[in-house]
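Structure, as structure tokens:
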Amino acid sequence: MLAAAPALAAPERAAVAAPAPQPEGPPGGAPQPAPSVDIFVEVSPSTVQPGYLVGIRASCRDNSVGATVVSDAFGAVGVQPQRGVLTAAPMVRERTRPGNYRVKLECRDGETASTMLQVVKKIPVQPSRGPATGFGGGSGGLTGKLLLPGGAALTITGLILAVMAFRRPRAGARR
């Protein structure tokens, strides 16, 4: 009876030690279909003002070679391989009018994908004035205009008083 127990344990170990079947199937078997590759194009940000850059991220079947992205907002631009995807950063033309623009990816194998880019009205940028902290021309008014002449007058007065103090006879020197 003791001899039967090891005989039962051996098949269990063999089943556990057997390698798991591989996903691509046994060698010499029928070829598996290639995994589907997403063909896409993304624009970030999707809403932009004229004159600003947009980031393009795209993918074709073969991302080891470049492709072309075309839009009326920025023209035709080449997207280049970077970290497994195709990227570029074109500038939306200054003269682009507000509206929705199609962004189309054209892969070398003829595949295409598209997305939309919204261009909004350009907001004029007005330079901001620095904080009025005094000195340095930040503050206006009479105080700022009197600063230099007042300082010069005080300096001259101090020099005159110093000269007069040295010319006076000293009380201890007369005795």
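The values are calculated or read from the model by the stated rules, or taken from the named source; none is laboratory data. Just so you know, these numbers come straight off a predicted model, no measurement behind them. Counting neighbours? That spans all protein chains shown, and the Cβs are built from the backbone with ideal geometry, glycine included. All accessible areas refer to the heavy atoms of the entire protein, side chains included, with ligands and DNA or RNA removed. Shrake-Rupley method; radii C 1.70, N 1.55, O 1.52, S 1.80 Å.
The figures follow:
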| read-out | value |
| --- | --- |
| Subset of region 49-72 that is within 16 Å of Gly84 (Cα to Cα) and of a type in the set (D, E, K, R) - its residue that is modelled with the highest pLDDT | Arg57 |
| When residues of region 119-142 are limited to those that are among the β-branched types (Val, Ile, Thr) and modelled with pLDDT of 75 or more, the one surrounded by the fewest Cβ atoms within 10 Å (Cβ to Cβ) | Ile123 |
| Counted residues, region 64-122 - those being farther than 21 Å from Gly51 by Cα, aliphatic (A, V, I, L, M) and outside any loop (DSSP other than H, G, I, E, B) | 5 |
| Boolean, Phe166 is farther than 26 Å from Thr47 by Cα, open to solvent by 60 Å² or more (accessible area, probe 1.4 Å), assigned to a helix (DSSP H, G or I) and modelled with pLDDT under 85 | yes |
| Out of Met91, Met116, sole residue that is modelled with pLDDT of 95 or more and loosely packed, with under 15 Cβ neighbours inside 10 Å | Met116 |
| Positions within region 101-129 being of a type in the set (Lys, Arg) and farther than 27 Å from Ala67 by Cβ, in sequence order | Lys121, Lys122, Arg129 |
| Filtered residues of region 94-104 (kept if surrounded by 15 or more Cβ atoms within 10 Å (Cβ to Cβ) and modelled with pLDDT under 95) | Thr96 |
| Flag for Lys145 being modelled with pLDDT under 95, closer than 30 Å to Val48 by Cα, open to solvent by 70 Å² or more (accessible area, probe 1.4 Å) and not aliphatic (A, V, I, L, M) | no |
| Count of residues meeting criterion [surrounded by 14 or more Cβ atoms within 10 Å (Cβ to Cβ), aliphatic (A, V, I, L, M) and either closer than 26 Å to Lys122 by Cα or free of Cβ contacts under 8 Å to residues at least 40 places away in the same chain (or both)] in region 55-88 | 9 |
